[in-house]
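Structure first, commentary second.
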Amino acid sequence: MYIIAHRGSSSAAPENTIAAFDLAVQQGADYIELDVQLTMDQHVVVIHDDTVDRTTNGSGFVKSYTLDQLKKLDAGSWFDPQYTNERMPTLQEVLERYSQRIGILIEIKHPKRQIGIEQAVINIINQFAYSRHIMVQSFDESALQRIKAYAPSLRTALIIKPTPFKLAKRKLTAYRSFADCLNMKKTMINRRWIDRIHSFGMDVFTWTVKDQKTADWIKKYPVDGVVTDHPAFFLKEK
């Protein structure tokens, strides 16, 4: 089971920052998970929301800022004063720092509102010797289809929410044409669905584990990866 640090080790450091990613590496996680957005000048930056309000001292939409302007924002003190002046990283910076150290799971956010983000992400990834340890995920099926068209060998994960008919044979057949993995909300996890997805040749990840009780429950199932704010819930047993 891969231990995937959700936005880095986000329970102990500000999410989607170098501090959180460094901590995940130190803790021994297998992957860091991160989110990407496009700036006004078409750079790919690492931030979850489409606005900067929650996780920086700025306000407004990410796409209304240039990269230089975003780099001036404090992305750490909202979490704890010790992280004052932590900066928002670019995807380029993250891959340069971590691509040879830990797996990287990149989530494309709101692709319909960010025309061209798939190609921008691929252009950056293609600078690195990627393998199964760099993945791209999204809730958006069309975004993953475009990713596969641009980079057929790049591993992809479709994030799915609980919907009764999502895992019908017809759906799973369609999913496996562009997804190597289904990342399921933790409330969907059961042995029947895991076995069914595996039978279609896809891996199963689950999101997002935030407490020890859920971590202990997930450990009973043969999932291939777990996204968690607390890597230590799983890693202490390694």
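Among the trypsin sites (Lys or Arg not before Pro) found in the stretch 124-203, those both in a DSSP coil and sparsely packed, with 16 or fewer other Cβ atoms within 10 Å of their Cβ, are Arg132, Lys166, Arg176. Calculated mean residue ellipticity, 222 nm, the chain: -7500 deg cm²/dmol, from DSSP H runs (n ≥ 4) at -39500 (n - 2.57) each, averaged per residue and rounded to 500.
Distant-in-sequence amide contacts of Tyr65, defined by a placed amide H-H separation under 5 Å and a gap of 5 or more residues or a different chain, comprise Met40. The relative contact order of the chain, computed from alpha carbon pairs under 8 Å that lie at least 6 residues apart in sequence, is 19 percent. For Thr156, nonlocal amide neighbours, meaning residues 5 or more places apart or on other chains whose placed amide H falls under 5 Å from its own, are Val136, Asp180, Cys181.
The equivalent ellipsoid that matches the C-alpha gyration tensor of the stretch 95-234 spans semi-axes of 25, 19, 13 angstrom, in descending order.
Under conditions of 10 °C and 1.306 mPa s, the chain yields 88 µm² s⁻¹ as its translational diffusion coefficient, taking Rh as the Kirkwood radius over Cα pairs in the Stokes-Einstein equation.
Close amide H pairs (under 5 Å, H built 1.01 Å from N) link Thr206 with Met184, Gly225, Val226, Val227, residues at least 5 positions away or on another chain.
Laboratory data are not the source of any read-out in this text; all were calculated from the coordinates shown. For clarity, every value in this text was computed on a predicted model and none was experimentally measured. When we count neighbours, we look across all protein chains shown, and the Cβ atoms used for this are built from the backbone with ideal geometry, even at glycine.
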